[in-house]
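Below is one structure, written out as structure tokens; the observations come after it.
The values are calculated or read from the model by the stated rules, or taken from the named source; none is laboratory data. Bear in mind that the values here come from a model prediction, so they are computed numbers and not experimental data. Here Cβ is always computed from backbone atoms with ideal geometry, including for glycine, and neighbour counts include all displayed protein chains.
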Amino acid sequence: MYNILIADDDNAIAEMLKEYLLQKRPSNTYNVEITNSGDSTVARISTGGLDFLILDGRMPPGPKGSDIAIMVRQSGNNVPIALFTGNPNDYTDLKEKVSLCEVFAKPAEYEKLLEYVDRILLTKQINPKN
């Protein structure tokens, strides 16, 4: 089972994404947790044991998702990261700064996000350029 953290200040969107991930895959595939602020996300990441991060681009209070992605990489953590945001064009430069990071538009790109999660975790085909 893979541990996924969804970090989004909009709990309704986070819950919807969690349900989408869990409904599309067998129950023993993914364990999905949710945090609702930048501060709680940083605290959860620091405890370890995560296989994938799905971060909202802007997430008050505390650091926003893009800043968390950079902090994670600077700490030496190579956990795969996807940014799920209402403003994907604001983060085009993030892929260059943070390896293994893909940016998806919410709420429209649930299926693309799931395909990315599957590709990274289930097939271990890590290629953020595709």
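Tally up the residues in segment 1-54 that are over 20 Å from Ala108 (Cβ atoms) and among the acidic types (Asp, Glu), please.
3
Let me spell it out: the conditions are (1) modelled with pLDDT of 85 or more; (2) part of a loop (DSSP other than H, G, I, E, B); (3) within 15 Å of the chain's Cα centre (by Cα), and Pro128 meets all of them except one. Which number is the exception?
That leaves (1) as the condition not met.
What tally of residues in segment 1-16 results from selecting those that are more than 19 Å from Asn28 (Cβ to Cβ), of a type in the set (A, V, I, L, M) and in contact with a helix residue (DSSP H, G or I) (Cβ under 9 Å, 6 or more places away or on another chain)?
Looking only at segment 1-16, we keep the residues that are more than 19 Å from Asn28 (Cβ to Cβ), and these are 7-16.
Now drop any that are not of a type in the set (A, V, I, L, M), which leaves 7, 12-14, 16.
Among the residues that remain, those that are also in contact with a helix residue (DSSP H, G or I) (Cβ under 9 Å, 6 or more places away or on another chain) are: 7, 16.
Final tally of qualifying residues: 2.
Could you give every pair whose Cβ atoms fall below 9 Å, whose first residue belongs to segment 61-77 and is without any contact (Cβ under 8 Å) to a residue 12 or more places away in the chain, and whose second residue is part of a helix (DSSP H, G or I) and surrounded by 16 or more Cβ atoms within 10 Å (Cβ to Cβ), counting only separations of at least 6 or pairs across chains?
The qualifying pairs are Ser75/Ile45.
Six or more apart or on different chains, Cβ under 8 Å: which pairs go from a residue in segment 1-24 that's in contact (Cβ under 8 Å) with a residue 60 or more places away in the chain and more than 17 Å from Pro61 (Cα to Cα) to one that's among the charged types (D, E, K, R) and not in a loop (DSSP other than H, G, I, E, B)? Could you list them?
Ile4/Glu33
Return only the number of the condition from (1) on the phi > 0 side of the Ramachandran plot; (2) surrounded by 22 or more Cβ atoms within 10 Å (Cβ to Cβ) that Gly65 does not satisfy.
If we test Gly65 against (1) on the phi > 0 side of the Ramachandran plot; (2) surrounded by 22 or more Cβ atoms within 10 Å (Cβ to Cβ), just (1) comes out false.
Could we say that Leu100 is at pLDDT 85 or above and either touching a strand residue (DSSP E or B) at 6+ places or on another chain (Cβ under 6 Å) or under 25 Å from Lys24 (Cα atoms) (or both) here? Full working, then the answer.
On the way: at pLDDT 85 or above: no; either touching a strand residue (DSSP E or B) at 6+ places or on another chain (Cβ under 6 Å) or under 25 Å from Lys24 (Cα atoms) (or both): yes.
Here the answer is no, as Leu100 does not meet what is asked.
Restricting attention to segment 15-39, which residues are surrounded by fewer than 16 Cβ atoms within 10 Å (Cβ to Cβ) and hydroxyl-bearing (Ser, Thr, Tyr)?
Ser27
Report, by residue number, each residue of segment 89-102 that is in contact (Cβ under 8 Å) with a residue 24 or more places away in the chain and farther than 20 Å from Ser75 by Cα. Steps first, please.
Just the residues of segment 89-102 that are in contact (Cβ under 8 Å) with a residue 24 or more places away in the chain, to begin with: 90-91, 94-95, 97-102.
Scanning segment 89-102 gives Asp90, Tyr91.
Name the single residue, out of those in segment 68-94 being of a type outside the set (A, V, I, L, M, F, W, C) and buried (at least 16 other Cβ atoms within 10 Å of the Cβ), that is nearest to Glu15 (Cα to Cα).
At the first step, the residues of segment 68-94 found to be of a type outside the set (A, V, I, L, M, F, W, C) are 73-78, 80, 85-93.
Those left that are additionally buried (at least 16 other Cβ atoms within 10 Å of the Cβ): 73, 80, 85, 88, 91.
Numbers: Arg73: 26, Pro80: 20, Thr85: 15, Pro88: 20, Tyr91: 23 Å.
Here the residue is Thr85.
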